[in-house]
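The values are calculated or read from the model by the stated rules, or taken from the named source; none is laboratory data. The shown structure was predicted, so the numbers you read here are calculated from the model rather than taken from an experiment. Backbone-built Cβ (ideal geometry, glycine too); neighbour counts: all protein chains shown.
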Amino acid sequence: MSITQVMIEGTGGAADLRTEKTMKCVTVDFDKCTGLGICESLAPDFFEVNDDGELIVLKETISDGELQEVEEAVAGCPTEALKIVDA
Amino acid sequence: MSQADVDPRRLVVVGASLAGLRAVEAARKTGFTGEIVLIGAEDHLPYDRPPLSKAFLAAADDSGELPEVPWFRTEETMREELGVDVRLGQPATALDTEARTVTVGDEQIPYDLLVIATGAHARLLPGAEGLDGVHPLRTLDDSLAVRDKLEAGARTVVIGAGFIGSELASTARKRGLEATIVEALPTPLVRATGHEMGAAIASLHELNGTTLRCGVGVASIEGDGKVERVVLADGTTIEADLVVVGIGVIPSVGWLEGSGLMIDSTIGGIVCDENLWTGVPGVYAAGDVASWMNPTLGERQRMENWTAAAEQGAAAARNALDPENAKAYGTVPYFWSDWYDVRIQFVGSPDADEVLLVDGDPAAGGRWVALYRRGDRLIGALTVNGQTEIMKYRVQIMKGGSWDDALAFAEKRRIAHAEKFAASV
Ligand SMILES: Cc1cc2nc3c(=O)[nH]c(=O)nc-3n(C[C@H](O)[C@H](O)[C@H](O)COP(=O)(O)OP(=O)(O)OC[C@H]3O[C@@H](n4cnc5c(N)ncnc54)[C@H](O)[C@@H]3O)c2cc1C
Ligand code: SF4
């Protein structure tokens with residue numbers, strides 16, 4: 001479980017910040033991924049590139065403590081193939 | 001959002017490419033609500049450079065479509081979603097750190113915080129100006145011009161056997177064109193991968209039908225209006241319709257003359273500390289233009305690779321916005337290069353006491369792995385077609401892993417791989 005702050009645009013003021021509970025998951029767009037493996041070095045519990053240069057997702061669900069490393073992997077991916085989504 | 005919530009500070013980012021874009025995006029991601037101005041010398045919105053010597057130069061697919069331009073973001077995303085005032089097509093020409101302004105044309109653009117991400121530009125070959133068909137390969141416009149020539153079936157000569165020139169030669173071969181690489185040094189890629197491995201990687205060219213001439217300089221590039229031939233120092237003449245000059249890049253710091261920012265006299269670029277701070281209030285640097293102290297390797301470095309530019313862009317913006325909580329940017333450098341059907345990957349530093357081949361045989365082609373030792377520590381790793389190996393070494397280097405542990409790990413992987421291979425035949 002992770003707590004995220006959701007900002008609602010347009011209505012103005014600090015009341016816009018409300019707290020919501022969601023499960024987070026990581027997804028890969030395999031049409032974009034070229035198997036460069038940066039994600040593996042940043043989040044080795046989640047990703048591994050195999051012998052054929054294809055990315056294997058070892059686990060999808062992200063716990064609180066893991067969110068930062070997966071976020072770094074998402075930002076590090078040169079092909080923007082990774083996304084964190086609400087499960 | 002009400003007026004009161006808007007951060008009064010203005011962030012100016014100079015250089016509208018990878019590091020600059022990541023600076024803008026990171027600033028917004030941390031919740032920065034102030035004004036952002038992004039200044040770019042090129043007419044184009046930010047685009048991705050690695051494809052420019054690879055996929056973007058490929059021949060048309062079955063439906064006759066050439067590959068699309070690798071834009072990062074649409075203009076709408078830049079202006080609407082990121083709320084950036086994008087100023088393209090004119091370079092910044094001066095920085096006044098007292099008045100806190102950047103000069104663009106006749107305008108002085110004020111900043112509170114500044115991220116410099118002006119990257120690097122291609123080194124040119126003196127004397128080849130003005131001949132049609134002679135190109136560097138750094139920008140989208142360069143790549144479009146090169147692609148036109150490849151489409152026309154150009155006989156290609158590449159000057160400089162670095163990564164970009166090698167990728168270009170490999171693309172020309174894939175299109176079935178003649179390709180020759182001329183390299184002035186006796187061994188290519190020494191700065192990036194060290195002596196032993198430079199030669200081993202370069203052997204991929206001969207294996208794939210590209211002629212590689214090392215240890216010989218270019219005497220002249222000749223032609224009448226357009227290029228016709230390259231003459232080497234030993235008198236050899238190579239007929240050519242396209243000459244790509246890939247002899248390295250120069251950090252784009254010319255516009256900072258007189259600004260008081262310190263320029264690194266050995267590796268080039270703007271001198272920064274671990275936090276990518278230049279030492280001048282509010283001024284940070286990121287990407288190919290930044291020389292910074294990399295705490296992970298304990299070395300001052302200037303990177304010319306994608307991963308560092310992306311990460312430094314984001315780190316510089318975050319530190320600029322919140323200097324009290326600034327975080328050092330440390331990394332195990334990483335780059336890749338695609339030649340023929342081979343992927344070359346390198347992590348760490350090539351500045352080593354020993355380089356050891358731990359798996360495979362470069363002469364036999366296929367897959368191989370080499371490790372780099374400094375003292376008793378693993379400091380670098382090179383793989384050719386070793387996609388499943390490379391990042392495991394990056395993690396070890398990141399953690400300061402020992403040489404002995406790396407060797408033991410490599411041996412385990414080698415045996416596992418050999419067994420898997422034996423089982424599959
Ligand atoms: C053909 C090619 C292939 C590559 N392949 C790989 C690869 O396979 N793997 C890898 O890791 N890396 C690769 N790279 C390197 C990678 O693309 C660079 O490291 C990265 O682009 C650096 O980003 P940057 O934002 O720091 O600088 P740059 O991308 O150089 O961008 C700097 C921008 O600033 C602008 N600028 C300069 N001066 C001024 C000024 N005074 N005012 C305003 N704007 C200015 C420039 O016009 C440019 O648009 C490749 C590079 C090229 C050219
Ligand atoms: S970093 Fe991106 S491209 Fe590379 S393997 Fe991971 S998802 Fe694929």
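Mind counting the residues in region A:55-77 that are outside any loop (DSSP other than H, G, I, E, B), surrounded by fewer than 17 Cβ atoms within 10 Å (Cβ to Cβ), more than 13 Å from ligand 2 (Cβ to nearest atom) and not acidic (Asp, Glu)?
The total comes to 4.
Taking the stated definitions as given, is residue B:396 crowded, with 17+ Cβ neighbours inside 10 Å, within 14 Å of chain A (Cβ to nearest Cβ) and at pLDDT below 95?
no
Hey, does region B:83-106 have a residue that's modelled with pLDDT of 95 or more and either within 16 Å of ligand 2 (Cβ to nearest atom) or within 14 Å of another protein chain (Cβ to nearest Cβ) (or both)?
Yes, region B:83-106 contains a residue that is modelled with pLDDT of 95 or more and either within 16 Å of ligand 2 (Cβ to nearest atom) or within 14 Å of another protein chain (Cβ to nearest Cβ) (or both).
Quick one: which of B:166, B:252 is under 18 Å from residue B:146 (Cα atoms) and away from ligand 2 (no atom under 16 Å from the Cβ)?
The unique qualifying residue is B:166.
Condition first: farther than 19 Å from residue B:289 by Cα, surrounded by fewer than 22 Cβ atoms within 10 Å (Cβ to Cβ) and within 16 Å of ligand 2 (Cβ to nearest atom). Can you find one or more residues in region B:20-37 that meet it?
The answer is no, given that none of the residues of region B:20-37 is farther than 19 Å from residue B:289 by Cα, surrounded by fewer than 22 Cβ atoms within 10 Å (Cβ to Cβ) and within 16 Å of ligand 2 (Cβ to nearest atom).
Select from region A:30-42 the residues that are more than 8 Å from every other protein chain (Cβ to nearest Cβ) and near ligand 2 (Cβ under 9 Å from one of its atoms) and list them in ascending order.
Hits for region A:30-42 are A:30, A:32, A:33, A:34, A:39, A:42.
For region A:43-54, give me each residue that is within 8 Å of ligand 2 (Cβ to nearest atom) and either of a type in the set (Val, Ile, Thr) or more than 9 Å from chain B (Cβ to nearest Cβ) (or both).
Once the filter is applied, which keeps residues that are within 8 Å of ligand 2 (Cβ to nearest atom) and either of a type in the set (Val, Ile, Thr) or more than 9 Å from chain B (Cβ to nearest Cβ) (or both), region A:43-54 yields only A:49.
List the helices (runs of 4 or more DSSP H) inside region B:130-212, counting only whole elements, that have at least 1 residues being surrounded by fewer than 17 Cβ atoms within 10 Å (Cβ to Cβ), under 23 Å from the mean Cα position of the chain (by Cα) and of a type in the set (S, T, N, Q).
Once the helices (runs of 4 or more DSSP H) in region B:130-212 are filtered for at least 1 residues that are surrounded by fewer than 17 Cβ atoms within 10 Å (Cβ to Cβ), under 23 Å from the mean Cα position of the chain (by Cα) and of a type in the set (S, T, N, Q), what remains is B:195-207.
In region A:33-51, which residues are away from ligand 1 (no atom under 16 Å from the Cβ), under 17 Å from residue A:76 (Cα atoms) and assigned to a loop (DSSP other than H, G, I, E, B)?
If the condition is that a residue be away from ligand 1 (no atom under 16 Å from the Cβ), under 17 Å from residue A:76 (Cα atoms) and assigned to a loop (DSSP other than H, G, I, E, B), then A:43, A:44, A:45, A:46 are the ones that fit.
Among (1) within 14 Å of chain A (Cβ to nearest Cβ); (2) of a type in the set (A, V, I, L, M); (3) out of contact with any helix residue (DSSP H, G or I) (no Cβ under 9 Å at 6 or more places or on another chain), there is one condition residue B:18 misses while meeting the rest; what is its number?
Failed condition: (3).
How about region B:330-359: which of its residues are part of a loop (DSSP other than H, G, I, E, B) and either within 12 Å of chain A (Cβ to nearest Cβ) or within 16 Å of ligand 2 (Cβ to nearest atom) (or both)?
Within region B:330-359, B:331, B:332, B:333, B:341 qualify.
Within region A:52-87, take every residue that is among the β-branched types (Val, Ile, Thr) and away from ligand 1 (no atom under 16 Å from the Cβ) and give me the one that is nearest to residue B:367 (Cα to Cα).
Out of the qualifying residues, it is A:56.
Being assigned to a loop (DSSP other than H, G, I, E, B) and either within 12 Å of another protein chain (Cβ to nearest Cβ) or closer than 16 Å to residue B:275 by Cβ (or both) is the filter here; which residues of region B:304-317 pass it?
Residue satisfying the conditions is B:305 alone.
Taking the options B:328, B:363, B:316, name whichever one is touching a residue at least 24 places away in the same chain (Cβ under 8 Å), surrounded by fewer than 19 Cβ atoms within 10 Å (Cβ to Cβ) and within 23 Å of the chain's Cα centre (by Cα).
Sole residue among the options that is touching a residue at least 24 places away in the same chain (Cβ under 8 Å), surrounded by fewer than 19 Cβ atoms within 10 Å (Cβ to Cβ) and within 23 Å of the chain's Cα centre (by Cα): B:328.
Would you point out which residue out of B:27, B:4 is outside any strand (DSSP E or B), more than 29 Å from residue B:169 (Cα to Cα) and modelled with pLDDT under 95?
Just a single option satisfies the conditions, and that option is B:4.
Since residue B:249 meets every condition but one in (1) over 22 Å from residue B:102 (Cα atoms); (2) at pLDDT 95 or above; (3) more than 20 Å from the chain's Cα centre (by Cα), which condition does it not meet?
Of (1) over 22 Å from residue B:102 (Cα atoms); (2) at pLDDT 95 or above; (3) more than 20 Å from the chain's Cα centre (by Cα), only one is false for residue B:249: (3).
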